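K.L.:
Handing you this structure, nothing more for now.
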Amino acid sequence: MKIVPYILLYLILAVAWCILFYHFMSPQKSSQLILLLASGTAFYSLIWALLISLFQRLLGWRGYGMLWVPVAIAIVFLLGMDRSTFVFMIGLMFISELVSLTKILAYRRRNPR
């Protein structure tokens, strides 16, 4: 129950990013583009969640090492990206970094060393 606000923050920011990208940065607007953006966000989020769940015990939310997980995802998917996909991916990476940092700082505030 403690992670629900962070999940909601991520979902709200990801949906806002999809809408902003569609309206202002997409190279061409089509009827299926918003669906493709949403499915791309879901794919990235699934990979991010899997890596977080795999490395959470190893690194823990207390450590800033969790901030490297989205960067690792970006490096893996960097191969073969065009410019618009790269910009969309960087936006998602920034959102996940922001949510991770928020969770780390909230944890450190509740449990100071």
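K.L.:
Residues that are open to solvent by 50 Å² or more (accessible area, probe 1.4 Å) and of a type in the set (S, T, N, Q): does the stretch 8-27 have at least one?
P.N.:
Looking through the stretch 8-27, none of the residues is open to solvent by 50 Å² or more (accessible area, probe 1.4 Å) and of a type in the set (S, T, N, Q).
K.L.:
Pick out, from the stretch 1-104, the helices (runs of 4 or more DSSP H) lying fully within it that include 2 or more residues that are at pLDDT 85 or above and small (Gly, Ala, Ser). Walk me through how you get there before you give the answer.
P.N.:
Details: elements: 4-20, 33-59, 68-77.
In the stretch 1-104, 4-20, 33-59 are the helices (runs of 4 or more DSSP H) which contain 2 or more residues that are at pLDDT 85 or above and small (Gly, Ala, Ser).
The values are calculated or read from the model by the stated rules, or taken from the named source; none is laboratory data. This one's a predicted model, so the numbers in the text were calculated from it and none came from an experiment. SASA here: full protein model, heavy atoms, side chains in, ligands and nucleic acids out. Shrake-Rupley method; radii C 1.70, N 1.55, O 1.52, S 1.80 Å.
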